[in-house]
1. Roughly how many percent of the accessible protein surface of the chain is carbon and sulfur, given a 1.4 Å probe and a whole-percent answer?
2. Thinking of segment 20-142 as a set of Cα atoms, what percent of all their pairs are more than 19 Å apart?
3. Over the chain, with the other protein chains present, what is the accessible area per residue in square angstrom, probe 1.4 angstrom?
4. Can you name the helices of the chain, as whole DSSP H runs, whose Cα span along the helix axis is 30 Å or more and whose Kyte-Doolittle mean is not below -0.5?
5. Enumerate the amide H contacts of Arg85 below 5 Å, restricted to partners 5 or more residues apart or on another chain; note that Pro and chain-start residues carry no placed amide H.
6. Any idea which of Ala179, Ala226, Leu14 is furthest toward the positive side of the dipole for the chain, if Lys and Arg beta-carbons carry +1 and Asp and Glu beta-carbons -1?
7. Rounded to the nearest 5, what is the percent of antiparallel bridges among the DSSP beta bridges in the chain?
8. With a Cα-only, solvent-free Debye model of the chain, what are the log10 I(q)/I(0) values at q = 0.17 Å⁻¹?
Amino acid sequence: MSAMGARERMLGRLRAAKAAAPAAVETLDARIHAHYDGRREERSPAQLADAMQRALSASHAEVWRSDAASWPALLAKMLAAHGVRRLLLDPAGAEGAALARALPAGIAALPFARPLEEWKGELFDSVDAGFTLARCGIAATGTLVLAPDAASPRTVSLVPPLHVALVYADTLHADLHAACRAERWADGMPSNLVLASGPSKTSDIQQTLAYGAHGPRWMWVIIVDANAAPGASS
């Protein structure tokens, strides 16, 4: 067989494999979807919120349920009782702006408006809490899906000792597969997604569990539920 013939034969196989790949991927996707769909029960947003709350609580997070109108004032009250004096948030976002308006005079709302190098010491030494809006949540594991950006970078949920996150009940998914499928992650994902399932925790060789060694010591989560009664419940 000539060298040219071998080359053409090899390229022909590659072209054939490439042509068959989409069909093979679709078949595999269908099998995966069928597997998860067959073991997943249909649940309402309220039921998913119940599961999310249980899973987060089991991971040492504190969770509250609230309606859309009441959560800013209630969260502001809880922050004041916790002793928060400086809160990092995105004032340009609807949720950040609502919380900033509700804060008492003793709590300063700080935007992430400077390069990290310019205020690293201040950020690590004097900021008490960071507030973020979750893109969605995974109820089975109590996982918040965060999509950091320039106004609310990863630092907001990582550096302050208290991380406060807001998630809407109608953005909750039963499991990771449901989240990937509903949000069409296969079509293109953000450059940075963070999955957070509770406060930072670690343990030594004796399995002594410690919180806050590599991130926030406390995590608070507000689940905004359209069906929740006015106020909040923990």
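1. On the chain, the fraction of accessible area on carbon and sulfur atoms equals 55 percent.
2. Considering segment 20-142, 64 percent of its Cα-Cα pairs are separated by more than 19 Å.
3. 56
4. Sorted by number, the helices that extend far enough and score high enough are 3-39.
5. Here Asp128 satisfy the definition.
6. Of the listed residues, the answer is Leu14.
7. The answer is about 30 percent antiparallel.
8. Debye output, listed in q order: -1.25.
The values are calculated or read from the model by the stated rules, or taken from the named source; none is laboratory data. Note that this is a predicted model, so its numbers are computed, not measured. Every residue, glycine as well, gets a Cβ built from its backbone with ideal geometry; the counts of neighbours run over all protein chains shown. Remember, those area values only see protein heavy atoms, side chains included, never the ligands or the DNA or RNA. Shrake-Rupley method; radii C 1.70, N 1.55, O 1.52, S 1.80 Å.
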